[in-house]
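Step one of this worksheet: look at the structure below.
The values are calculated or read from the model by the stated rules, or taken from the named source; none is laboratory data. In this text, all values refer to a predicted model and were calculated from it rather than measured experimentally. In this analysis, Cβ positions are derived from the backbone assuming ideal geometry, glycine residues included, and neighbour counts consider all displayed protein chains.
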Amino acid sequence: MNRSRACFIGGARYSNPLDPTSRKKFRALGTIGDLFVIGFSSDLRPTRFAEGARFYLMPNLPVPLLRYLEVFLLGTLIACWLVARHKVRVLIAQSPYEGSAAAVAKLIAGWSGYEVRLVVENHGDFEESIFLQRRIAFPRVYRFFMRRFARFSLKHADVLRAISTSTSQQLERWMPGKPIVQFPTWTDLDVFLTAGARTTKIRSRKIVYAGVLIPRKGVHHLLNAFAAAAADFSDARLVIVGREDNKDYAAELKRQVKRLALEDRVEFVQPMPQAELASYMRRACVFVLPSVSEALGRVVVEAMATGTPVIGSEIGGIPDMVEDGVTGFLVPPGDETKLAEKILRVLARPEEADKMGVAACAFAARFFSTDSYVAGYRRLLELAETFLIEDSEHAPSAV
C-alpha cells in the first residue's frame with residue numbers, strides 16, 4: 001500500500017528545532033505517511049525545515065487578524081504548491097476556520113486536475129470559545145464571518161475529526177451525516193506517568209490550577225471557591241500556573257486575591273517545563289480546572305497521570321475523563337458553591353483523595369497512548385483517501 005501524503009494546515013507555532021513533545025509527535029506520525037505542515041514560526045522569520053515532517057512556517061505576525069490573512073492567502077498558495085509538487089492528497093485543517101483556506105486549496109486543486117481530500121478537525125467550541133478568551137472588537141461582524149468560513153470549510157470537508165464527545169456533537173449538529181472520526185489530541189504523558197509511578201504520595205493541602213489565564217478558564221470562580229472552602233484549613237494553598245494571555249484578566253485576578261485577603265495563600269507561577277509541572281501536580285492534593293468552555297482539557301489527563309484527583313467543570317470533554325466520585329469530581333461550570341464543597345471534601349478527606357488519585361492514574365494510562373493516537377490518524381487518512389461522498393445526507397458515520 002502506498003504511503004499517505006498529507007498536509008496539516010493551522011495556526012500552531014513551531015520552533016526549529018522542534019520542542020521535545022512536538023518532535024515525539026511527528027516522529028510517531030511519520031510512520032503512517034509523508035507529512036507536511038503549514039503553520040507559524042516562533043518569530044517574524046519564515047522557516048522551512050524537516051524533522052519528522054516537512055515544515056513550511058509563515059512569519060508569526062503579532063496581530064491575530066494578520067495571521068488569519070496569512071493562512072488564507074499564503075497558506076492556500078503553499079497548500080496548492082504541495083499538492084502539485086509533492087503529490088499531497090489529503091489536507092488536514094486544524095480548525096473549521098483554517099479549513100476555509102484548505103477548502104479553497106482543494107477546489108483549486110480540483111480545477112487543476114488533482115484529486116484532494118479534506119479533513120477538518122474540531123479542537124474546541126469554534127462557535128463561542130474565542131469570545132470567552134479575549135475581548136473582540138465588533139463581535140457581531142466577527143461572528144458573522146466566522147460562521148460563514150466555518151460552514152464553507154465543513155461543507156467541502158470529506159471527513160471530520162473530533163477530539164471529544166462534545167466536539168463530535170458540535171460537528172454533527174453543523175454537518176449531520178458527515179463521517180466523524182473521534183480520538184483525543186496529542187498528549188505526551190511520559191513525564192506525568194513517571195511522576196505518578198512514585199510509590200509514596202506526599203500529602204499536602206495544596207490545590208493546583210494550570211492553564212492560560214483567560215476568562216473562559218474560570219479562574220475567578222476558583223478564587224472565590226477557594227476562599228470559601230479553605231477558611232477552616234489555615235495550611236491550604238492555591239497555586240495558579242499559567243501564561244498571562246489576557247493581561248487585563250490576569251491583573252483582575254491579582255486584585256481579586258487582594259480583595260479576598262488571600263495574598264499569603266495564593267501563588268501565581270509562570271509556565272514551566274513539563275517535568276517541573278508534573279512535580280507540582282504530584283505534590284498537590286487536587287487539581288482543579290474550573291473552565292466555562294473546554295474542548296477536552298488535556299491538562300486534566302496530565303494531572304491524573306501523576307496520581308492526583310481532578311475537580312473539573314461538567315462541560316466539553318472533561319466528563320470524558322473525570323468519573324465523578326471515582327477519579328475526581330464534576331461540578332456545574334461557574335457554580336462556586338459546588339466547587340467550594342468539592343474542594344472542602346478533598347481537604348477534609350485525604351484518604352479518599354489518595355484513593356481517587358490511584359484510580360485517576362490508572363485511567364490516564366488507558367486513555368491516551370502514542371499507539372492509539374497514531375492509529376486514530378491512520379484510520380482518518382484511510383477514510384479520507386477511500387471515502388467518496390455521493391450524497392452527504394446518506395453518508396455513514398465512523399467514530
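Scanning the range 305-312 finds no residues that are surrounded by fewer than 23 Cβ atoms within 10 Å (Cβ to Cβ) and in the same structural domain as Ala229 (by TED's automatic domain parsing). Counting the residues of the range 241-261 that are at pLDDT below 95, outside any helix (DSSP H, G or I) and either not assigned by TED's automatic domain parsing to the domain that holds Glu341 or not small (Gly, Ala, Ser) (or both) gives 4. In the set Leu238, Leu223, only one residue is outside any helix (DSSP H, G or I) and touching a helix residue (DSSP H, G or I) at 6+ places or on another chain (Cβ under 6 Å); that residue is Leu238.
Residue check: Arg345 meets all listed conditions (1) in contact (Cβ under 8 Å) with a residue 40 or more places away in the chain; (2) part of a helix (DSSP H, G or I) but one, namely (1).
Can you confirm whether Pro332 is surrounded by fewer than 23 Cβ atoms within 10 Å (Cβ to Cβ) and more than 22 Å from Thr185 (Cα to Cα)? Criteria met by Pro332.
The condition (being outside any strand (DSSP E or B), in contact with a Cys (Cβ under 9 Å, 6 or more places away or on another chain) and surrounded by 15 or more Cβ atoms within 10 Å (Cβ to Cβ)) is satisfied by just one residue among Leu193, Leu154: Leu193. Considering the range 51-64, the residues that are crowded, with 19+ Cβ neighbours inside 10 Å and of a type in the set (A, V, I, L, M, F, W, C) include one that is farthest from Arg5 (Cα to Cα), namely Met58. Residues in the range 219-236 that are of a type in the set (Phe, Trp, Tyr) and surrounded by 16 or more Cβ atoms within 10 Å (Cβ to Cβ): Phe226 only. Listed by first and then second residue, the pairs with beta-carbon distance under 6 Å, at least 6 apart or on different chains, first residue in the range 300-326 and part of a strand (DSSP E or B), second among the small types (Gly, Ala, Ser), are Val310/Ala303; Val310/Gly328; Ile311/Gly328; Ser313/Ser291.
Every listed requirement among (1) within 22 Å of Gln182 (Cα to Cα); (2) surrounded by fewer than 23 Cβ atoms within 10 Å (Cβ to Cβ) is met by Thr337 save one, (1). Is it fair to say Ala284 is in contact (Cβ under 8 Å) with a residue 40 or more places away in the chain and under 24 Å from Ser22 (Cα atoms)? So Ala284 fails the test. Taking the criterion of being loosely packed, with under 15 Cβ neighbours inside 10 Å, farther than 19 Å from Arg117 by Cβ and touching a residue at least 60 places away in the same chain (Cβ under 8 Å), the only residue of the range 166-179 that qualifies is Pro176.
Note on the range 65-114: among residues that are out of contact with any Lys or Arg (no Cβ under 9 Å at 6 or more places or on another chain) and charged (D, E, K, R), the one that is surrounded by the most Cβ atoms within 10 Å (Cβ to Cβ) is Glu98.
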